[in-house]
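The block underneath contains the structure these notes are about, expressed in structure tokens.
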Amino acid sequence: MSVVKNNLSNINDVTYQQCVINLTNSTIKVHQRHCQNLEEVLGGFARAYQTLAKHDVDHAYSENNPLIVTTGLLTGTPIMTGLRTYFCSYSPLKVSNQGRPGAMWSAASGKFGSKLRWTGIDEIVFEGRSSTPVLLHVKQSEHGPEINLIPADDYLGKSSHEKILLLQKQFADSHFAVIGEAGEHYDKCFFGSVACSTENLLKSGDDKCRWAGRGGMGSIMGYKNIIGIIADARDPKISLTGELKELNKFIATGPGSRKYREIKKGGLGGTWSNYDTLSKLNIVPENNFKPPANPKALQLARQEVEKDFVVKAENCFRCAIACHKNIYEKTTAGKHGKFLAKFDYEPLNLLSTNLGIHDSRQATELVALCDRYGMDSISAGATLSFVLDYNQRNPDAPLLNNARFGDFELIRDLLISVGQGKCLELGQGVKRLSESLNSTDYAMHVKGLELPSYLPETNPGYIWAIAGGHMSMQTYGLLAAEGETNLDYWENVIVNKGLYMVRDDITGICKFSNLDGQRLTQAISLLTGINISEDEIKTTVRHAFLRGIWLEKKQGFNDSDYELPAEILKMQNENVKTPSFLTEKYLKELKKRVFSHFDEEIKKLCA
Amino acid sequence: MTSDELPLEIQLKGKQIYDCISEISKQSPEIHNMLWKDGHVNPQILMFHNNTLIRESDFNNSVRTGDVLDIIPAIEGG
């Protein structure tokens, strides 16, 4: 991205390099685009959604559905956590009740996004579909980026990790975004994810990717026959100014990243610590989001796992937060042995506790398997927990292999089966599966996107999350923290607070930095020369979010889609210690209030 | 607390942590309501004094000029 002037008196002065690849006829064009609005300047999904809006897409797996791989304004800059890549498309999972796909994005860190920008490309738009498996090679050169499609037949049938290690041998100074087997079997698995390589992975040889997991963006890559993307560029030499050093120090040691840092660094030890916090209110999902009277969640709290394994905090490129909590075998000397898996709250919970599994070794195996096949752990886990729940409720006519809560071997078999593209029942996601069984009440999804690890009865904001419940509407922890249940409160937090969570799905920095608005504007000014006010950023983020809601409605999402799983309104779980407040009447009124704000603003924005 | 509000930085005066907490409560009823549940510190909210996690029993600890008190929600996704 380049800036001609250092203020935004003319947004058109800001340009970005967009590469458009027509996979159907193998044409590649690079355009210097002039930004039309601040959403395009900041980038991420805010820019990509404007491109998606121009496409009329009836089915996610169709040639007119583009896949946009884009970056944010700060991706690849020296601000700590400025590493994000965004994969944006109409999703095979997010789908309206009328059957049309919803626009979606999924973000990943690692080093791929930075390398891509260092090639000179800010955004790639894949159109059409290749008839044969291909890799895209984007290479930095003195004459601008060199971009080629190359055959990928030799990479088929390998895990995402194996693909990356193979690519590393051929493209030494590169980073990679690849799919696993699940993405290759896009027609049988709709929640294939995209693996982005990390420095740690390339140095250690361990399976330590960062994932763009949500919404099946890996399955879209698979449909288009894109097996991987190679970003081939030298690392630039960087000297940090005093102000930038201070900003990075603040990110690394300040309150925003505290949750994700190690305890010895003044942190809480990662998102995993939610186990301790949420257990106090018995709201850690267990047995398909229904914690029992005597929960076992704490058996997988970090302090328990550390009795048998070594947990090492590792990091993305130049990030001192070290949020990766990697699990290793513990040697007899108490040192770390073989790498097993990475534990974050969502993958751990949805692939263990919520499946009735409370053994840490079994948990490492399921989390590692999900990564091995390249699947979104949230979608895979929540669809599996539905199957187990269904089998418990229908013992005379069970699904698949009759797995029940806690049946580790049977659950593992199902996970392998869906990863290998042999189990469409699971691979289609919980919305379609539950509809096919006429058992939708306890299918834990909203708009086809499986729920993250926060009980639906604690978060009506899920309805307005445009790209996954805990990444695009920051209301999931509020009931526990604040205990408020009145309509005015929830209307306010959804309309005026929660939606701003998507800011860092635009800017290129990681949500785990939790950088405040004033420092963000300072970083943008220092690193790009663009002076934007905090208010301008807030307005831009709001516009991008509202465009997301507008796109949902354009794709046919209506009142029937904006619902929570019905059972939580019908049957209160008395084991849960947060206030019970959601009823059909309550949600009806809340929807009326929230949409009265959003619809009015959308009318002006998208006229 | 949601992302548009964090981190909010304010200067406080006091001799003990408790004085600072009381001062915050006076300045913001919203924060007060969030911090206290049933007469005790809300377990879903965590406080750090100069990078050390503190509990209610630490509120009598002294503070000095330049000390940092962080109040953060305990729940974060990932």
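The values are calculated or read from the model by the stated rules, or taken from the named source; none is laboratory data. Small disclaimer: the values here were computed from a predicted structure and weren't measured. Note that we place each Cβ from the backbone using ideal geometry, even for glycine, and neighbour counts take in every protein chain shown. To get the accessible areas, we keep the full protein, side chains included, count just its heavy atoms, and leave off ligands, DNA and RNA. Shrake-Rupley method; radii C 1.70, N 1.55, O 1.52, S 1.80 Å.
Give, in nm to one decimal, the length gained when the segment between A:S560 and A:A53 is fully stretched (0.36 nm per residue of separation minus the Cα-Cα distance).
Contour length minus the Cα-Cα distance gives 180.3 nm.
By accessible area of protein heavy atoms, probe 1.4 Å, what ranking do A:K312, A:K592 get, highest first?
Final ranking, largest accessible area leading: A:K592, A:K312.
Once you charge only the Cβ atoms, +1 for Lys and Arg and -1 for Asp and Glu, what is the size of the charge dipole of the stretch A:242-605 about its Cα centre, to the nearest 20 debye?
940 debye
Taking a ≥ b ≥ c as the square roots of the Cα gyration tensor eigenvalues, with a/c under 1.5 meaning rounded and otherwise prolate when a/b beats b/c, else oblate, which class fits the stretch A:242-605?
Oblate shape, in that a/c is at least 1.5 and b/c is the bigger or equal ratio.
How about A:K237: which lysines have a C-alpha closer than 16 Å to its C-alpha, ignoring those fewer than 8 places off in the same chain?
Cross-link targets: A:K111, A:K115, A:K245.
So what is the relative contact order for chain A, in percent, with contacts set as C-alpha pairs under 8 Å and at least six apart? Don't skip to the end; give the middle numbers.
Working: 1388 pairs, mean separation 96.8, N = 607.
16 percent.
Excluding B:E76 itself, calculate the net charge of residues whose Cβ lies under 10 Å from the Cβ of B:E76, where each Lys or Arg counts +1 and each Asp or Glu counts -1.
Summing Lys/Arg as +1 and Asp/Glu as -1 gives +3.
Expressed in whole Å with the largest first, what are the equivalent ellipsoid semi-axes of the protein assembly as shown derived from the C-alpha gyration tensor as the square root of 5 times each eigenvalue?
Semi-axes (√(5λ), whole Å): 34, 31, 26.
Let a ≥ b ≥ c be the square roots of the eigenvalues of the Cα gyration tensor of the stretch A:450-598; is it rounded (a/c under 1.5), or, if not, prolate (a/b larger than b/c) or oblate?
Prolate, since a/c reaches 1.5 and a/b exceeds b/c.
Multiply the residue separation of A:F171 and A:T332 by 0.36 nm, subtract the distance between their alpha-carbon atoms, and state the gained length in nm to one decimal.
Numbers: separation 161, 0.36 × 161 = 57.96 nm, distance 3.83 nm.
Full extension from A:F171 to A:T332 adds 54.1 nm.
Kindly state, to the nearest 0.05, the FRET efficiency for A:S596 paired with B:N33, given R0 = 25 Å and r defined as their beta-carbon distance.
Numbers: r = 27 Å, r/R0 = 1.07.
Efficiency, rounded to the nearest 0.05: 0.40.
For the pair A:Y489 and A:A607, what calculated FRET efficiency results from E = 1/(1 + (r/R0)^6), where r is the Cβ-Cβ distance and R0 = 30 Å, to the nearest 0.05?
On the way: r = 31 Å, r/R0 = 1.04.
Rounded to the nearest 0.05, the efficiency is 0.45.
Any idea how far the Cα center of the stretch A:238-287 sits from the one of the stretch A:288-329, in Å?
14 Å
Distance between Cα centroids, the stretch A:493-509 to the stretch A:92-132: provide it in whole Å.
20 Å
What number, in percent, do you get for the relative contact order of the stretch A:2-232 if the mean sequence gap of Cα pairs under 8 Å and at least 6 apart is divided by its residue count? Before the final figure, lay out the partial values.
On the way: 591 pairs, mean separation 45.8, N = 231.
In percent, rounded to a whole number, it is 20.
Give me the extension gain from A:K264 to A:Q299: residue separation times 0.36 nm, minus the current Cα-Cα distance, reported in nm with one decimal.
Gain in length upon complete extension: 10.3 nm.
Less than 14 Å Cβ to Cβ from A:K264, Lys/Arg counted +1 and Asp/Glu -1: what total charge do the surrounding residues give?
Neighbour charge sum, excluding A:K264 itself: +4.
Once the dipole of the stretch A:448-583 is set up with Lys and Arg at +1 and Asp and Glu at -1 on Cβ about the Cα centre, which of A:S513, A:Y476, A:I494 lies farthest towards its positive end?
A:S513
Once you have a ≥ b ≥ c as the square roots of the Cα gyration tensor eigenvalues for the stretch B:17-73, tell me rounded if a/c is under 1.5, and otherwise prolate or oblate according to whether a/b is larger than b/c.
Note, shape of the stretch B:17-73 comes out prolate.
Whenever you get a sec, line up A:M375, A:M471 from highest to lowest accessible area (probe 1.4 Å, protein heavy atoms).
Ranked from most to least accessible, the order is A:M471, A:M375.
With a 1.4 Å probe, how much accessible area is buried between chains A and B, both sides summed, in Å² to the nearest hundred?
By this definition, chains A and B bury close to 2700 Å².
What pairs in A:K511/A:K554; A:K265/A:K307; A:K511/A:K538; A:K169/A:K312; A:K29/A:K554; A:K259/A:K307 have C-alpha atoms more than 25 Å from each other?
Violating the 25 Å limit, Cα to Cα: A:K511/A:K554; A:K169/A:K312; A:K29/A:K554.
Between A:K237 and A:E409, what is the label-point separation in nm under the 7 Å Cα-to-beta-carbon projection?
Inter-label distance under the simple model: 6.1 nm.
Measuring with a 1.4 Å probe in the full set of protein chains, what accessible area per residue, in whole Å², belongs to the stretch A:242-605?
Spelled out: the 1.4 Å probe surface of the stretch A:242-605, per residue, equals 35 Å².
Keeping all protein chains in place and using 1.4 angstrom, which order do A:E184, A:E127 fall into by accessible surface area, from largest down? Intermediate results must be reported in sequence, preceding the final value.
Values: A:E184 40, A:E127 60 Å².
The most accessible residue leads, giving A:E127, A:E184.
Do any trypsin sites (Lys or Arg not before Pro) in the stretch A:201-249 lie in a DSSP loop with no more than 14 other beta carbon atoms within 10 Å, and if so, which?
Details: sites: A:K203, A:K208, A:R210, A:R214, A:K224, A:R234, A:K237, A:K245, A:K249; in loops: A:K208, A:K224, A:R234, A:K237.
Hits after loop and neighbour filter: A:R234, A:K237.
Which value at 222 nm does chain A reach when only helices count, each DSSP H run of 4 or more adding -39,500 (n - 2.57), with the total divided by all residues and rounded to the nearest 500 deg cm²/dmol?
Working: 22 runs with 206 residues, N = 607.
Roughly -9500 deg cm²/dmol at 222 nm, from the helical runs in chain A.
Mind giving me the nanometre distance, one decimal, between the label points for A:K249 and A:F581, set 7 Å out from Cα along Cα→Cβ?
For A:K249 paired with A:F581, the spin-label model returns 4.2 nm.
Quickly work out the A:R393-to-A:K312 label distance, labels modelled 7 Å from Cα along the C-beta direction, and quote it in nm with one decimal.
It is 4.4 nm.
Heavy-atom accessible area of A:W490 with all protein chains present, probe 1.4 Å, nearest 10 Å²?
Number for this one is 0 Å².
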